[in-house]
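Since the structure comes first, as structure tokens, the remarks are kept for the end.
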Amino acid sequence: MSDIINLTLSALIDKIKNKELSSQEITKAYIARAEKSKDLNTYITTDFENAIEKAKKFDEKGNFDYELPGVPLAVKDLFCTNNLKTTAGSKILSNFIPSYESTVTQHLWDEGAILLGKLNCDEFAMGSSNETSFFGNVESPVGKKVVPGGSSGGSASALAAKLTPATIGTDTGGSIRQPASFTGTVGLKPTYGSCSRYGIVAFASSLDQAGPMTQDVSDAALMLDVISKYDLKDSTSVNFKRGDYFKSLSSNIKGKKIGIPKEYRVDGMPKEIESLWQDGITLLKKLGAKIIDISLPHTKYALPAYYIVAPAEASSNLARYDGVKYGYRSQGENLISMYENTRSEGFGDEVKRRIMIGTYVLSSGYYDAYYLKAQKIRRLIKNDFDEAYKSVDAILTPSTPSSAFNIGDKTDDPVSMYLNDIFTVPVNLSGLPAISIPAGKDKNNYPLGLQLIGKAFEEQNLLNISYSMEKELSFKNNLQDWWIK
Amino acid sequence: MSINLKTIKHIAKLSRISIDDKKAKELEKDLNSIFEFIETLNKVDTKKVEPLTSIAETSLKLRGDVVKTKNIREKILKNSPDENKDFFVVPKVVE
């Protein structure tokens with residue numbers, strides 16, 4: 001059984017297709033491990049009984065030509081799942097049972113995958129450490145009392161701890177890539193418009209994007225093949241010619257031009273991150289890529305602009321939680337006080353902070369000074385990338401300015417928490433695809449990731465570059481299973 | 001610029017979130033430190049810059065005005081915290 005959980009997603013699929021393993025054996029192996037891994041607090045809701053039932057059905061008369069034949073998967077609890085509780089990590093949705101399925105999860109089930117359950121995340125995906133969840137902190141398997149990153153922290157932790165062979169998360173400012181970097185896993189944020197947002201609990205609609213979190217780059221390509229599809233139900237879904245990402249993987253990157261932005265060399269960045277980045281550059285040169293120094297001059301304004309744009313959109317998106325049609329309801333002597341009490345008790349502190357910031361920057365008299373200003377800065381940040389992409393094919397940066405920190409370390413100071421996303425946020429503001437791959441470890445043996453940022457809709461290029469790097473890096477997490485009970 | 005307690009309470013009202021004085025003071029501290037950080041944007045001259053409202057700068061697609069889901073009243077009401085047969089129920093709004 002320990003063999004099963006050590007297989008990558010693509011290896012698992014091969015074994016199912018060759019009838020070496022049954023869907024039931026695999027599903028039961030993951031469930032057994034999850035039962036022993038409760039201390040990590042990765043799951044908000046499990047659906048194990050149904051999963052075994054579905055696996056049994058698959059073994060009896062499943063279609064082995066599917067992309068994910070009988071593969072059990074757990075997903076972030078931000079994706080609406082028909083008839084299964086979907087909480088977004090919030091008290092206000094703690095009793096919400098959707099009557100419909102998100103498009104991306106539907107794609108998984110349509111290709112034969114089986115839902116194991118819903119994974120913990122920061123409340124409404126607002127956080128960088130999975131500490132804002134109503135359902136409690138998630139611990140990272142890389143170390144005791146260490147955060148897995150966020151907001152897709154439950155997903156990253158479950159993946160690294162081998163409780164699911166792959167998973168999907170969402171990324172609004174780094175919520176796939178930062179936890180991937182913290183847990184030694186691969187996280188891909190596709191181009192805005194690549195994966196449908198339909199049925200994903202909305203945080204900031206112009207930034208949100210779903211994407212794969214996997215054990216290696218091949219698995220990310222495989223998952224992207226399944227979830228990246230044009231969708232009429234999402235008005236920002238883009239109908240571009242998608243690649244055959246998994247089949248087209250190539251490790252030949254000779255002549256590729258990779259940009260190194262000097263603005264990502266920030267003050268106070270640990271030496272180990274600096275040298276990780278330098279080693280990445282050396283490796284790319286060895287693989288035949290051409291390294292070009294570039295400038296993205298407005299980088300330092302990305303994070304403050306993000307903290308206007310994202311809360312503004314969030315305050316509007318979260319206006320729907322009023323205790324009337326679904327979710328938690330408090331009492332009040334009249335309608336307004338019922339709204340106010342419901343929202344006060346139903347939302348956690350970080351979500352309230354962001355709703356308040358968003359409401360303020362959109363309010364009469366402040367709109368131009370804050371919101372419009374931020375949208376203009378957003379244009380400048382995107383222009384920086386457009387300019388850089390005239391001379392390079394992709395950009396290499398560290399994924400995060402530090403490795404994983406301890407639970408509780410940054411909860412008292414919102415701004416220090418926000419700084420986690422300094423290297424990932426510009427990508428969302430510009431709608432670009434980016435991937436984080438594990439590339440080394442720090443002095444505590446915690447993983448460190450490198451980020452590759454690509455041109456819009458050129459995921460294949462990103463996957464190929466990271467695929468070729470991954471082969472040479474041969475990163476291993478070597479976790480000691482300390483959390484198993 | 002700093003955000004005072006009065007403004008905090010006004011934003012809370014606009015946000016439909018009830019807060020007590022202790023919470024308001026906490027928020028005053030947090031929001032001021034966040035806005036200090038945000039206001040570094042004032043250093044950038046954006047007079048001639050067009051705002052970027054959306055990355056997918058395409059116009060919305062039109063579709064036929066056709067009902068696709070029918071008879072889902074029960075499904076929709078199922079999640080309601082309070083209901084009365086065919087309606088959502090809220091505290092009394094007219095005297």
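Evaluating A:Leu159 against the criteria (1) at pLDDT below 95; (2) assigned to a helix (DSSP H, G or I) leaves one unmet condition, (1). Any chance segment A:467-481 includes a residue that's of a type in the set (A, V, I, L, M), open to solvent by less than 10 Å² (accessible area, probe 1.4 Å) and in contact (Cβ under 8 Å) with a residue 12 or more places away in the chain? Checked segment A:467-481: at least one residue is of a type in the set (A, V, I, L, M), open to solvent by less than 10 Å² (accessible area, probe 1.4 Å) and in contact (Cβ under 8 Å) with a residue 12 or more places away in the chain.
For segment A:411-431, the set of residues classified as part of a loop (DSSP other than H, G, I, E, B) and open to solvent by 10 Å² or more (accessible area, probe 1.4 Å) consists of A:Thr411, A:Asp412, A:Asp413, A:Ile422, listed by residue number. Scanning segment A:87-107 for residues that are touching a helix residue (DSSP H, G or I) at 6+ places or on another chain (Cβ under 6 Å) and either among the aliphatic types (A, V, I, L, M) or in a loop (DSSP other than H, G, I, E, B) (or both), we see that the one that is nearest to the other protein chains (Cβ to nearest Cβ) is A:Ser99. Using the structure shown, decide if B:Ile76 is open to solvent by 40 Å² or more (accessible area, probe 1.4 Å), out of contact with any Lys or Arg (no Cβ under 6 Å at 6 or more places or on another chain) and facing chain A (nearest Cβ under 8 Å). When the stated conditions are applied, B:Ile76 passes them. A count restricted to segment A:256-292 and to residues that are touching a strand residue (DSSP E or B) at 6+ places or on another chain (Cβ under 8 Å), open to solvent by less than 50 Å² (accessible area, probe 1.4 Å) and without any contact (Cβ under 8 Å) to a residue 60 or more places away in the chain stands at 1.
When segment A:357-366 is limited to residues that are of a type outside the set (Gly, Ala, Ser) and without any contact (Cβ under 8 Å) to a residue 40 or more places away in the chain, the one that is least open to solvent (accessible area, probe 1.4 Å) turns out to be A:Tyr360. In segment A:345-357, the condition of being over 24 Å from A:Phe134 (Cβ atoms) and not hydrophobic (A, V, I, L, M, F, W, C) is met by no residue. Within segment A:288-314, if we keep just the residues that are outside any helix (DSSP H, G or I) and in contact with a helix residue (DSSP H, G or I) (Cβ under 7 Å, 6 or more places away or on another chain), the residue that is farthest from the other protein chains (Cβ to nearest Cβ) turns out to be A:Ile291.
For segment B:47-66, state whether one or more residues are more than 7 Å from chain A (Cβ to nearest Cβ), loosely packed, with under 12 Cβ neighbours inside 10 Å and not in a loop (DSSP other than H, G, I, E, B). Within segment B:47-66, none of the residues are more than 7 Å from chain A (Cβ to nearest Cβ), loosely packed, with under 12 Cβ neighbours inside 10 Å and not in a loop (DSSP other than H, G, I, E, B). If you check A:Asn341, A:Asn317, which single one turns out to be assigned to a helix (DSSP H, G or I) and either under 28 Å from A:Leu396 (Cα atoms) or facing another protein chain (nearest Cβ under 7 Å) (or both)? Just one listed residue meets the conditions, A:Asn341. Being within 20 Å of A:Leu303 (Cβ to Cβ), acidic (Asp, Glu) and open to solvent by 10 Å² or more (accessible area, probe 1.4 Å): is that true of A:Asp122 here? No: the conditions fail for A:Asp122.
The values are calculated or read from the model by the stated rules, or taken from the named source; none is laboratory data. For clarity, every value in this text was computed on a predicted model and none was experimentally measured. Glycine also receives a Cβ, built like all others from the backbone with ideal geometry; neighbour counts cover every protein chain displayed. When the accessible area is computed, the model is the full protein with side chains, heavy atoms only, and any ligands, DNA or RNA have been set aside. Shrake-Rupley method; radii C 1.70, N 1.55, O 1.52, S 1.80 Å.
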